[in-house]
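K.L.:
Input: one structure, supplied below.
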Amino acid sequence: MSQVIRSPKQHDVCIIGSGAGGGAAAKVLTEGGLNCVMLEAGPDVHPEKDFKMFMWPYESPHRGAGVGGHAHENFGEFLAPNGAWHIEGEPYTSAPGSDFQWFRSRIVGGRTNHWGRIALRFAPIDFKSKTRDGLGDDWPITYDDLAPYYDKVESYIGVFGTKENVPSAPDGVFLPPPKPRCTELAVKKACDKLGIICIPSRLAILTKSINGRLPCHYCGQCGRGCITASNFSSSQVFLPPAMKTGKLTLITNAMAREILVDKDGKATAVSYIDKTTRSEKRINARAIVVAASACESARLLLNSKSSSLFPTGLANASGTVGKYLTDSVGSNGYGYFPQLEKMPPHNHDGVGGMHMYMPWWKFDRKNDFPRGYHIEFGGGREMPGVGMFNALNREEEGYGVSLKQRARKVYGCHIGFAGRGEMIPNPDTYCEIDPDVVDQWGIPVLRFHFKWSDYELLQAKDMQETFKAIVETMGGEYKTRTSIHGELPFGIEPGGRIIHEVGTARMGADPKTSVLNGFCQAHDVKNLFVTDGAPLVTNPDKNPTLTIMALSWRASEYLLDEARKGNI
Amino acid sequence: MANESISRRDILRTLAVGAAAGSVLRVIPAEAAEYVHQMVHKEKSASPAGNYTPKYFSAAQYAALLALCDMIIPKDEKSGGAVEAGAPEFIDLLTSENDKFQLRLGGGLFWLDGYCTDHYGKVFLECTPEQKKEVLDLIAFRKNAKQDPSLSQGVSFFAFLRNMTCDGYYTSKTGIADLGYIGNTSLREFPGCPPLPE
């Protein structure tokens, strides 16, 4: 296929999306010799200008709160661009009774520019969910199928961690971890007493130089994006080597609208809106890799129905595109630790994220809920920011010198905990095309349906109890109050809020109940692949990005192989 | 400390070497230098100016805002207060961009003047230091609004202003130093936790 002479606009593969999945595909496919074109719905990113590394809050007149204080809702003004819960002119809707929140990043690299860099492998048992407890479905692949690709991704992007032999959290190819912070040593001590496993975290941040990238300089601000590319982003780590092959054409501000097929049902082209000229354009390719993010990919497939062969959307003969949507179960809490008042001022920054965490530790017993969760935590003497003393003000009130004295006393003495658990797919949670609403480009938008079941609520309850136990074992005061009542029992976050939305074009052995095969290839359209969070059959308590990259890498090698054999 | 802190200029110099050595980085020396200049410029321009023209508040309201910020976070023996840290400019800027803030703070300042006129016969700014303290001692605590519901809007206004004043103060150079935050700099190695005091 790569030998065929093409017109300038003829490409072997069109990759839609430049984030974790699209970036991995671009690297593997171009290095394998295929001529690729990548469509990205946002602008290009310029780390040296766009990333706010080392910036002090007072260097911005908005101090990190953003224009009108609104950036606070989107994790602050200094977050790497362009993530937002709401994008002007590109809405989504929630069905009555559902509150789903969708965080999108329209920019080269997508959400990998700012993500938490938590890089956890799924465990062998995560691929055998139904066999394990009768809920959900098994994957068509096993851990052993994916393990070599986890190895490849980790070796290439760089992940620190330690070999621990915890069954729920398989070890990988690790760089050495950074030393623990004071807060982490204290939490670890309490966890040891409680029998909770607490180990060095696994983050895609370099503690040693690899592949020409500098090691971390420990400014603690990975979410702002890293000018030295010492943490992983698709834009800085996957796309440059793909560009270097000379086989990648990147088209920015290109919003894919529909995938077109020929009379035999083969994908032939992508219609997209060129946002810069506000015009409709088309690009031809012999294969299409959709990696626009799980829900955006589902939207594109569902909107690709002008062919009489696919009246309900492309690759949707099973009717499962948009179904099986899940997010991680999330519940947060925090404690106050008087013993930290005595800590002398010191540099507590470290990497941008936790140096230690608690993988799921109750895998060896019967619990009130299926599956499990892990715990992330952070706090201590972090860079001061907007909102830092709101809780103190609410509690202590007053004003004047005493307010300053209290702020000095409590600064650095809080530790926050975040549980991240597995949601079981349910029939009330899915996305579909809203029949009444289009975005500013005329593209029908998604409407979300979302519901937590008792499984997730019980998990959130367990998280709250665990946080409290850890805090109190440390001699701290647990400050978070939650209840079984209200919209969000036990502090469970609204759907989508953890930004781990996956499952909307899942893989499976049976074409009647799944969209893709084990190589992320559409059952119904052989030259169509989906390589973002959409193929995930389950959403275990491991942040999905590493698995997205491993699946995309594997799918891309398969695509290369099929292309060489002339099957695509 | 065994760990050596290196300057921003140093790290960017290191960067330039990395890029020249043919790494995949998208940073080139010129851009790295530009980044430093941009930062230095921003640091200079962010220093509190002498004559500030409010973007949203009237001159009289802004004067009241200054007085309130100064009372919420005054100068003490350790550090400067909210006014020299630029909190009023920050509050005015955000308020000029957010109509909800305009209601809460603009409206709140009117409420305060109304309250002071009713009780002292003059607006807040013209009140004596004792009178100012008296009214703040009332609206700085929720429990007072429970006893006297006519204070509740004032309490709500003050709580909002107190948060914003803290935001402005503790994101300033002065406020950050007051807390003793150390960081936002390049380290060759993360030192971990210093010995815990007994």
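We did not get these values from a lab; they are worked out from the coordinates using the rules stated. Keep in mind it's a predicted model, so treat the numbers as computed, not measured. FYI the Cβ positions are ideal-geometry reconstructions off the backbone, even for glycines, and counts take in every protein chain you see.
K.L.:
If you average the C-alpha positions of the range A:430-486 and of the range A:267-287 separately, how far apart do those two centres end up, in angstrom?
P.N.:
The range A:430-486 and the range A:267-287 have Cα centres spaced 37 Å from each other.
K.L.:
Per-residue counts of other Cβ atoms within 10 Å, averaged by peptide: what ranking do you get for A:305-313, A:343-351, A:264-272, highest first? Don't jump to the answer; show the numbers that get you there.
P.N.:
Working: A:305-313: 14.8, A:343-351: 21.0, A:264-272: 18.4.
For the peptides A:305-313, A:343-351, A:264-272, the packing ranking is A:343-351, A:264-272, A:305-313.
K.L.:
Please compare each pair in A:LYS342/A:LYS404; A:LYS52/A:LYS275; A:LYS362/A:LYS468 to a cut-off of 19 Å on the Cα-Cα distance and tell me which ones are over it.
P.N.:
Listed pairs above 19 Å: A:LYS52/A:LYS275.
K.L.:
Report relative contact order for the range A:509-568 in percent, whole number only (criteria: Cα-Cα under 8 Å, sequence separation at least 6). Can you show the working numbers first?
P.N.:
Working: 47 pairs, mean separation 16.8, N = 60.
Here the relative contact order equals 28 percent.
K.L.:
Given +1 on the Cβ of Lys and Arg, -1 on the Cβ of Asp and Glu, and no further charges, what dipole in debye does the range A:67-156 carry about its Cα centre, rounded to the nearest 20?
P.N.:
Result for the range A:67-156 is approximately 140 debye, rounded to the nearest 20.
K.L.:
Given the options A:LEU135, A:VAL261, A:ALA242, identify the residue whose Cα lies farthest towards the positive end of the charge dipole of the protein assembly as shown (+1 on Cβ of Lys, Arg; -1 on Cβ of Asp, Glu).
P.N.:
Of the options given, the answer is A:ALA242.
K.L.:
Right, another one. Output the direction-averaged projected area (hull surface divided by four) of the convex hull of the alpha-carbon atoms of the range B:101-176, in nm².
P.N.:
Values: hull surface 22.5 nm².
Value for the range B:101-176: 5.6 nm².
K.L.:
Which of the three applies to the range A:99-192, rounded, prolate or oblate, going by the alpha-carbon gyration tensor with a ≥ b ≥ c and a/c under 1.5 meaning rounded?
P.N.:
Because its axes are fairly even, with a/c under 1.5, the range A:99-192 counts as rounded.
K.L.:
Does the range A:159-290 come out rounded, prolate or oblate by the C-alpha gyration tensor, with a ≥ b ≥ c the root eigenvalues, rounded set by a/c under 1.5 and, if not, prolate when a/b is larger than b/c and oblate if not?
P.N.:
Prolate is the answer for the range A:159-290, as a/c is 1.5 or above and a/b outweighs b/c.
K.L.:
Counting partner chain Cβ atoms within 10 Å of every residue's Cβ in A:112-120, what's the average?
P.N.:
Mean inter-chain Cβ contacts per residue within 10 Å come to 0.
K.L.:
Averaged across A:281-287, how many Cβ atoms of other chains sit within 10 Å of each residue's Cβ atom? All intermediate terms of the calculation are to be shown ahead of the outcome.
P.N.:
Numbers: counts 0, 0, 0, 0, 0, 0, 0.
Mean shielding by partner chains, rounded to a whole number: 0.
K.L.:
Using the Cα centre of chain A as origin and beta-carbon charges of +1 (Lys, Arg) and -1 (Asp, Glu), tell me which of A:GLY387, A:ASN82, A:PRO176 is placed farthest towards the positive end of the dipole.
P.N.:
Most positive-ward Cα: A:PRO176.
K.L.:
Right, next: Under a plain spin-label model, where a point goes 7 Å from the Cα along Cα-to-Cβ, how far apart in nm are B:LYS55 and A:LYS128?
P.N.:
A separation of 6.0 nm, rounded to one decimal place.
K.L.:
Please compute, for the alpha-carbon atoms of the protein assembly as shown, the extent along each of the three principal axes and give them in descending order in Å.
P.N.:
Reported extents, whole Å, longest axis first: 88, 59, 56.
K.L.:
Within 10 Å of each Cβ of A:235-247, how many other protein chain Cβ atoms are there on average? Let's see the in-between values first.
P.N.:
Values: counts 1, 4, 2, 1, 2, 4, 1, 0, 2, 1, 0, 0, 0.
Per residue, the average neighbour count from other chains is 1.
K.L.:
Classify the range A:13-158: rounded, prolate or oblate, from the alpha-carbon gyration tensor (a ≥ b ≥ c, eigenvalue square roots; a/c under 1.5 rounded; otherwise prolate if a/b is larger than b/c)?
P.N.:
Prolate, since a/c reaches 1.5 and a/b exceeds b/c.
K.L.:
Take each of the peptides B:187-195, A:248-256, average the number of other beta-carbon atoms within 10 Å over its residues, and list them starting from the highest.
P.N.:
With the highest mean Cβ count within 10 Å placed first, the list reads A:248-256, B:187-195.
K.L.:
Provide the gained length on full extension for the span A:LYS512 to A:LYS451, in nm with one decimal, where the gain is 0.36 nm per separating residue minus the Cα-Cα distance.
P.N.:
Answer, rounded to one decimal: 19.5 nm.
K.L.:
Given R₀ = 22 Å, what would the calculated FRET efficiency be for B:ALA177 paired with A:ASN390, taking r from the Cβ atoms and rounding to 0.05?
P.N.:
Rounded to the nearest 0.05, the efficiency is 0.55.
K.L.:
Taking the Cα centre of each part, how many Å lie between the range A:317-343 and the range A:508-568?
P.N.:
26 Å
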